[in-house]
Amino acid sequence: MAVQHHAAPRPATNPLFNDNRLKLGVFGANVSNGCAITLAEGHLETTWPNTARIATLADQAGFEAMVPVARWKGFGGPTNFNGSCFECYTWAAGVAAVTEQIGVFSTSHVPTVHPLLAAKQATTIDHISNGRFALNIVCGWYQPELEMFGAPIMEHDTRYEYAAEWLEIVKRLWTAEDEFDFEGRFFRIQKGFHQPKPIQRPFPPIMNAGGSPVGQRFAAKYADMAFILVREHDYDGARAQVQHLRRLAREEFGRELQVWTNGYVVCRPTEREARDYLNYYVRERGDWEAVDNLTRIIGIQSGVLPPEAVEAFKFHFIAGWGGYPLVGTAEQITDTLAKLAGVGLDGVVLSWVNYEAELQQWIAEVLPLLEQAGLRRPFRQEA
Ligand SMILES: Cc1cc2nc3c(=O)[nH]c(=O)nc-3n(C[C@H](O)[C@H](O)[C@H](O)COP(=O)(O)O)c2cc1C
C-alpha cells in the first residue's frame, strides 16, 4: 500500500476496502481467554508480547482486521472470563505501531468516553497507522462494568440515541474545518475544534455490531461494517439477514455497507479430532459459571437473541462468543467459508482457544485453500 502520511480516501490506505471476496479479522486478542470461555490449556493470556505476536502474524498474512473487545470487568467463574483486558484505543495504538498493513480497530463503549477525546484518540491512531484505523461503536450492555463508571445504564433504545449523538459529534470533529457549537440531548460542545484531521477521508470507517432492530438501523445509517449472527447451517437465514441490512442501508439512508459475522475455529487433521477437541474445551473444560453470568445479562440487556435462544446458545458462547462454528479439516472449513461468502457476507472475524498456535496453523493450512477457492488473493507484502 502506498505510503501516504497525508489525507487519502479510505481504499488508498485501509485494507478493509480491498477486493478480497472474504475478508478476515482476528477478534478479541486484547482480553483474557479471547472469545473462548474455557479452562483448556493454551488459552489466551493478556500480555503485550502475545498481542504483538498475534498482530504481526495476521498482518504478515494479509488479514484485514484486528478487532478488540471493549471490556472493563470479567464475568466471574473460575476463568473470570475477559477479566484481564487491555483498553482498546491504547491497545490499537500499539498494534498500529507494530504492524504494516492490517486494519486496526478500537472498540469504544460510547458511555465511557467523551466524543472529543474519542475523536482525538482515533485521529491519533489513524496517523500512527497511516490510515488503517476503524472504530467499532458499542453502546454497552454489561451493567456491572458500566456501573464502575458511576453512570446508570440507559434503557436499550436510548443507548442508540446517545450513540447517534456521540457519533455525530465525532464525525463533525473529524470533518469540520471551522469551529462549531453543538447543543444536543446528551452533549453540549462549545467551539468544537479538531486538528489534525484523520488521514482517511472523509473519516475512518465505522463498525457496529448491533443485532436488535434499533441496533441494525443504527448500523445501516452509520456503519461501514455491520454484523449478523448466523445459526449453524442456516445459510438461507443468513442470506436474508444480509439482504435486509443492505436494503435498509440503501433504501433508507442511501448507503452501502459490508456485512460480516464472527466465527470460532477448530482446525484438525480429521473432523473427528476437531469435534473431540471442541467437546473437550467446551463440555469438559468450559467455564459454565461464567457463561451463565454472561448469558443471563446479555439475554436481558441486548436485543439480539430472545432469552430462551440465549440458553440454547451457551455452547457457542463458550466455544467462541456465539460465533459460527468453523470446525473440521482445513478443507471443510474452506467449504463453510465459501458458503458464508456465497450468502453475501464480506468477512469473518475469527477466534481460537490458542490464538498464536492456531493462527499459525490457519495461515499454513487454511489460507492457501481460501486462495485456491478464489475467496482471497495471495497476499504479497510490499518490499
Ligand atoms: C463481532 C461483535 C463484536 C462485539 N464487540 C463488543 C464489545 O467489544 N463490547 C461490548 O460491550 N459489546 C460488543 N458487542 C455487542 C454488540 O455491540 C451489541 O450490543 C450486541 O450485538 C447486541 O445488539 P443490540 O445492542 O442491538 O441489542 C459485539 C458484538 C459482536 C457481534
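Data table
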quantity	calculated
Filter result for His43 (touching a residue at least 24 places away in the same chain (Cβ under 8 Å) and over 30 Å from Trp288 (Cβ atoms))	no
Out of Asn14, Asn82, sole residue that is polar (S, T, N, Q) and touching a residue at least 60 places away in the same chain (Cβ under 8 Å)	Asn14
Matching residues in the range 187-237 - criterion: being touching a residue at least 24 places away in the same chain (Cβ under 8 Å) and of a type in the set (Gly, Ala, Ser)	Gly192, Ala209, Gly210, Gly211, Ser212, Gly215, Ala219, Ala220, Ala223, Ala226
Subset of the range 245-262 [free of Cβ contacts under 8 Å to residues at least 24 places away in the same chain and either assigned to a helix (DSSP H, G or I) or within 16 Å of the ligand (Cβ to nearest atom) (or both)]	Arg247, Arg250, Glu251
Meets criteria (over 22 Å from Gln216 (Cβ atoms), in contact (Cβ under 8 Å) with a residue 40 or more places away in the chain and among the basic types (Lys, Arg)) for Arg132	yes
Which listed residue, of Arg21, Arg53, is in a loop (DSSP other than H, G, I, E, B), surrounded by fewer than 20 Cβ atoms within 10 Å (Cβ to Cβ) and either away from the ligand (no atom under 16 Å from the Cβ) or among the charged types (D, E, K, R) (or both)	Arg21
Selection count, the range 346-361, where residues are in contact with a helix residue (DSSP H, G or I) (Cβ under 6 Å, 6 or more places away or on another chain) and not in a helix (DSSP H, G or I)	3
Selection count, the range 149-186, where residues are in contact (Cβ under 8 Å) with a residue 24 or more places away in the chain and either farther than 24 Å from Ala219 by Cα or part of a loop (DSSP other than H, G, I, E, B) (or both)	6
Qualifying residues in the range 130-144 (those that are at pLDDT 95 or above and within 9 Å of the ligand (Cβ to nearest atom)) - the one farthest from Thr99 (Cα to Cα)	Cys139
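For every residue, the table says whether it meets (1) outside any loop (DSSP other than H, G, I, E, B); (2) modelled with pLDDT under 95; (3) touching a helix residue (DSSP H, G or I) at 6+ places or on another chain (Cβ under 7 Å); (4) buried (at least 22 other Cβ atoms within 10 Å of the Cβ).
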site	(1), (2), (3), (4)
Val214	yes, no, yes, no
Phe218	yes, no, yes, yes
Gln243	yes, no, no, no
Tyr264	yes, no, yes, yes
Leu278	yes, no, yes, no
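The values are calculated or read from the model by the stated rules, or taken from the named source; none is laboratory data. Model, not experiment: these values are computed from the prediction. With ideal geometry, Cβ positions are generated from the backbone for all residues, glycine too; neighbour counts draw on all protein chains shown.
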